[in-house]
1. Looking at Lys65, Lys89, can you tell me which residue is free of Cβ contacts under 8 Å to residues at least 60 places away in the same chain and under 11 Å from the mean Cα position of the chain (by Cα)?
2. Quick one: which of Phe50, Phe10, Phe32 is buried (at least 16 other Cβ atoms within 10 Å of the Cβ), modelled with pLDDT under 80 and under 17 Å from the mean Cα position of the chain (by Cα)?
3. Which one is surrounded by the fewest Cβ atoms within 10 Å (Cβ to Cβ), of the residues in region 58-109 that are in contact with a helix residue (DSSP H, G or I) (Cβ under 9 Å, 6 or more places away or on another chain) and among the polar types (S, T, N, Q)?
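The values are calculated or read from the model by the stated rules, or taken from the named source; none is laboratory data. In this text, all values refer to a predicted model and were calculated from it rather than measured experimentally. Cβ placement follows ideal geometry from the backbone for every residue including glycine, while neighbour counts extend to all protein chains displayed.
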Amino acid sequence: MRFRLYYFLFAMAVKHMRGRRAPDKPFPNDVFHDYEKRVSGLTPFEATIFQCYLNGMDAKAIMSKLFITKNAIKAHNEHIYAKVGVAGKEAFMLYIELIKMNGLADRLV
């Protein structure tokens, strides 16, 4: 429920900011530029996990695909959250959704 509220509020802020921006400066590029740099700092295995999330997989599917344990995925997720600068899973998944909505998935990882 909280995720939907955060998503709604963030989407409203994005819509509001897009209306106030000059056409020559697209919103997603300058907002996600820093995020893009942080994602490039992931280790190769963390980048693989990040890509799995971008492809819509959940933690269970990632564990099965990469043959890792629940504790391993938790540890990797915590490292990913710290490196990309998000507070937790809800914020991370919000970014993933926004990245996909704005067609930026191919620019990351």
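1. Lys89
2. Every option except Phe32 fails the conditions.
3. Per the stated criteria, the residue is Thr69.
Per-residue answers, yes or no, for (1) closer than 16 Å to Arg38 by Cα; (2) at pLDDT 95 or above; (3) of a type in the set (Ser, Thr, Tyr):
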residue	(1), (2), (3)
Ser64	no, yes, yes
Ile68	no, yes, no
Ala72	no, yes, no
Val84	yes, no, no
Ala87	yes, no, no
Ala91	yes, no, no
Tyr95	yes, no, yes
Met101	no, no, no
Arg107	yes, no, no
